[in-house]
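Engineer: What follows is a structure written as structure tokens; I'll ask about it next.
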Amino acid sequence: MKAIYILWLREMKRYFRSPAQIVAALGQPMLYMLALGFGLGPVFAKSGHGSYVQFLAPGVMGMTILFSGAFSGIGLVFDRQFGFLKETLVAPVPRIHVMIGRTLGGATVAMLQGALVLLACLIVGFRPASLAAVPAVLLTMALISIVFCAFGTAIGSRLENMQAFPLVMNFLMLPLFFLSGALYPLDGLPTALQAVTNVNPLSYGVDGLRATLIGVTHFGLPLDFGVLAAVAVVFLGLGAYSFSKIQL
């Protein structure tokens, strides 16, 4: 357990060591909120769906957690390429503890970035339905973070080239984001798109955030939590297996 804590703390130090990184992480989410939230707001309102800023904010939070969590795996590739990972793996601790510590550290960072985006959304006009839902919001954010941090670890364990990691992750993450319902309602989609969104884990994450923040849900909050928890277990197992196969 000590190894898990040390690696979690290392990820925290790596994050807070660069204030510019924290500020820069708000750039893309705020671009979506300002450009799309206000630009498409009148069209969204005329279609009878209400405020687009209210609808979009949970989706932007989900996007932030998705990319932050998944790209936490690049730290693994960096450590592997420059030899730091070798020092960690030769330590007398189980590899599963190393993997869990890194994953939890990355998940905590992703949650912090999601919370910062929520605060920024509040500034531009987003209003949650109830403050009593904060624990459920945090639980949803934690599940999304763990899912995609474990996924990022699984991918990072298989790659040795730092240049390949962003290309692979963008190839996988962008479809997950755009097909999650983060930018548009899932009701009334063509059958093929419905099938894709139904198997996209981020769809349940974004829906869970909307359910807890504004009381709007497509799948239902119990199903959101159930799917995210199940996918988290699967990805943690996949990440642990991939991490155990790393060759020194």
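Engineer: Answer with yes or no whether Val98 is closer than 24 Å to Leu31 by Cα and of a type in the set (Val, Ile, Thr).
Structural biologist: no
Table: residues versus (1) in contact with a strand residue (DSSP E or B) (Cβ under 8 Å, 6 or more places away or on another chain); (2) surrounded by fewer than 18 Cβ atoms within 10 Å (Cβ to Cβ); (3) part of a helix (DSSP H, G or I).
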| residue | (1), (2), (3) |
| --- | --- |
| Arg127 | no, yes, no |
| Thr140 | no, no, yes |
| Glu160 | no, yes, no |
| Asn170 | no, yes, yes |
| Leu174 | no, yes, yes |
| Ala182 | no, no, no |
| Leu189 | no, yes, no |
| Ala192 | no, yes, yes |
| Asp224 | no, no, yes |
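Engineer: Exposed (fewer than 15 other Cβ atoms within 10 Å of the Cβ) and either in contact with an Asp or Glu (Cβ under 8 Å, 6 or more places away or on another chain) or of a type in the set (Val, Ile, Thr) (or both): is that true of Thr153 in this structure?
Structural biologist: In short, no.
Engineer: Six or more apart or on different chains, Cβ atoms under 7 Å: show the pairs whose first residue is in segment 198-216 and at pLDDT below 95 and whose second is among the basic types (Lys, Arg).
Structural biologist: Val216/Arg210
Engineer: Against the conditions (1) within 20 Å of Gly226 (Cβ to Cβ); (2) more than 13 Å from the chain's Cα centre (by Cα); (3) not polar (S, T, N, Q), where does Gly156 fall short? Just the number, please.
Structural biologist: (1)
Engineer: Also: So is Ala232 under 18 Å from the mean Cα position of the chain (by Cα), part of a helix (DSSP H, G or I), over 28 Å from Gly37 (Cα atoms) and modelled with pLDDT of 90 or more or not?
Structural biologist: Yes: the conditions hold for Ala232.
Engineer: Suppose we keep only residues that are more than 16 Å from the chain's Cα centre (by Cα) and assigned to a loop (DSSP other than H, G, I, E, B) within segment 24-64. Which one would you say is surrounded by the fewest Cβ atoms within 10 Å (Cβ to Cβ)?
Structural biologist: Filtering first and then ranking leaves Gly48.
Engineer: Of all residues in segment 194-222, how many are among the aromatic types (Phe, Trp, Tyr) and either in contact with a Cys (Cβ under 7 Å, 6 or more places away or on another chain) or not in a helix (DSSP H, G or I) (or both)?
Structural biologist: Residues meeting the conditions: 1.
Engineer: Can you find, within segment 55-95, the residue that is nearest to Pro29 (Cα to Cα) among those that are of a type in the set (A, V, I, L, M) and modelled with pLDDT of 80 or more?
Structural biologist: Step by step, filter segment 55-95, then rank; the result is Val60.
Engineer: Moving on. Would you say Ile144 is more than 12 Å from the chain's Cα centre (by Cα) and either farther than 20 Å from Ala57 by Cβ or not basic (Lys, Arg) (or both)?
Structural biologist: no
The values are calculated or read from the model by the stated rules, or taken from the named source; none is laboratory data. Computed from a prediction, not measured in an experiment: that's the story for all the values here. Cβ: placed from backbone, ideal geometry, glycine included. Neighbour counts: every protein chain shown.
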